[in-house]
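A short write-up of the structure that comes next.
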Amino acid sequence: MALPGAVRRLYLPMQAGHHGLMMTIPVFDGHNDFLLRLSRSPHRRDALWLEGTDEGHLDLPRMKKGRFAGGLFAIFVPGATEGPGRAIQDRAMDTPPYDQPLGACVPLDQALPAALGMAFDLAWMERASAGRFRICRSAAELRDCLAQDVIAGVLHMEGAEAIDPDLQVLDAFHALGLRSLGPVWSRPNAFGHGVPFRFPSGPDTGPGLTAAGRRLVAECNRLRILIDLSHLNEAGFNDVARLSDAPLVATHSGAHAITASSRNLTDRQLAMIAERKGMVGVNFATIFLRRDGRRSPEMGWSPLLRHLGHLIDRLGEDHVGFGSDFDGATIPANIGDVTGLPALQAALRAHGYDTALLRKLCHGNWLNVLERTWGG
């Protein structure tokens, strides 16, 4: 497949490392749902985190094996009938078109204790890791973890149902380490409206931010919490772009020009992100990568390469990274889980991405945009 214009690179041979393996660049990732998986099996925490299993996509041993340097760990409070692991895996998504029904907003009195429990789980992960995993609150801490080969965890919130409309709880979550927040998941809440899981569809699916949502943007700017655009509809995206003074960031999204999912970003939205020196982490979820919108993980490398190429063409190579959606979606079989990150890098090298560009995509761009958002 021909290289996109902005990705014309000379092929570099594999670099031999220990035991003849290709050297793998550490990866900082824009989104995962491991905290949700952990919260659903509290009696198995040691096995799921420390010992490692063949379940899901993430655990500490597999992160080390896959050179996972860190990422945004999402607090997500599912309703009774949906969630990242349920909505995206619904059988209707095997045979598009689809329009996935979603439940109502989770009430604050249910969402807040669940969200606090996940924040406490992240703190437990740090304590239990014996120095192998650290919660980070600044770009300097992220860079320090990368230098010391310690996995970095950033607390993120996917859908702000656990935040009261008067925002009294936001400072408390910030004190717990919250540094990234998506005002909505794909259902409406007190702050705005998310895009539904719909294919084919554009992101123009409803009204913009509420008055509480506009206040939330202002408070996130004050606290220097990253505002994640990934699940916002187009009107809400426009409101954030108008109100926020921070870089525009979508932690786990794709290119609508490649896959016509409501969750993917249009070229107009990408132009706005580029103008604000923001960032897009390309989502590994197959329903957002495949042109046909199907869930099937059997897809080869071409769909992911097309999305990456389009994003780099539109945003520039300094504003694209990875936002895997590990433990929250069906991902390509050739990645499989976090241990597939070296295979992804090998595929990108074979496609013509050189080491300098891979370092940007793997972690450099994320560290830079977080530094621009949070300050030094």
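Across the stretch 209-214, rounded Karplus estimates of 3J(HN,Hα) from the backbone phi angles (6.51 cos²θ - 1.76 cosθ + 1.60, θ = phi - 60°) give 5, 7, 4, 5, x, 5 Hz, Gly and Pro being marked x. What the phi angles of the stretch 146-157 give under the Karplus curve with 6.51, -1.76 and 1.60, with θ = phi - 60°, is a coupling list of 4, 5, 9, 6, 10, 6, 9, x, 10, 7, 10, 10 Hz, glycine and proline written as x. Each of ALA175 and ALA218 was given a label point 7 Å from its Cα along the Cα-to-Cβ line. The distance between the two points is 2.3 nm. Over the Cα atoms of the stretch 248-370, the radius of gyration divided by the Kirkwood radius equals 0.93; this is the Rg/Rh ratio.
Extension gain, ARG291-ARG137: 0.36 nm per intervening residue step, less the Cα-Cα distance, totals 51.7 nm. Accessible surface of MET272 in the full protein assembly, 1.4 angstrom probe, to the nearest 10 Å²? We get 40 Å² for MET272. Treating r as the C-beta distance of ASP354 and ALA333 and R0 as 25 Å, the FRET efficiency rounds to 0.40. For THR53, the solvent-accessible surface with a 1.4 Å probe is about 30 Å², rounded to the nearest 10.
Projected over all directions and averaged, the alpha-carbon convex hull of the chain occupies 16.7 nm².
Hey, if we sort ASP29, ASP318, ASP149 by accessible area with the 1.4 Å probe, largest down, what's the order? Don't skip to the answer; put the middle values down first.
Values: ASP29 5, ASP318 70, ASP149 95 Å².
I get ASP149, ASP318, ASP29, largest accessible area first.
Extension gain, ALA92 to ALA104, is 2.3 nm, computed as 0.36 nm per intervening residue step minus the present C-alpha separation. Computed from backbone phi with θ = phi - 60° and the Karplus coefficients 6.51, -1.76 and 1.60, the 3J(HN,Hα) list for the stretch 129-144 is 7, 6, x, 8, 9, 9, 6, 10, 10, 8, 5, 4, 5, 4, 5, 5 Hz; x is used for glycine and proline. Label positions at ASP144 and ASP204, each projected 7 Å from the Cα along the C-beta direction, are separated by 4.8 nm.
The values are calculated or read from the model by the stated rules, or taken from the named source; none is laboratory data. Remember, it's a predicted structure, so these values are computed and weren't measured experimentally. Cβ sites come from the backbone with ideal geometry, for glycine too, and all protein chains shown count toward neighbours. Areas reflect the complete protein model, heavy atoms only, side chains present, ligands, DNA and RNA absent. Shrake-Rupley method; radii C 1.70, N 1.55, O 1.52, S 1.80 Å.
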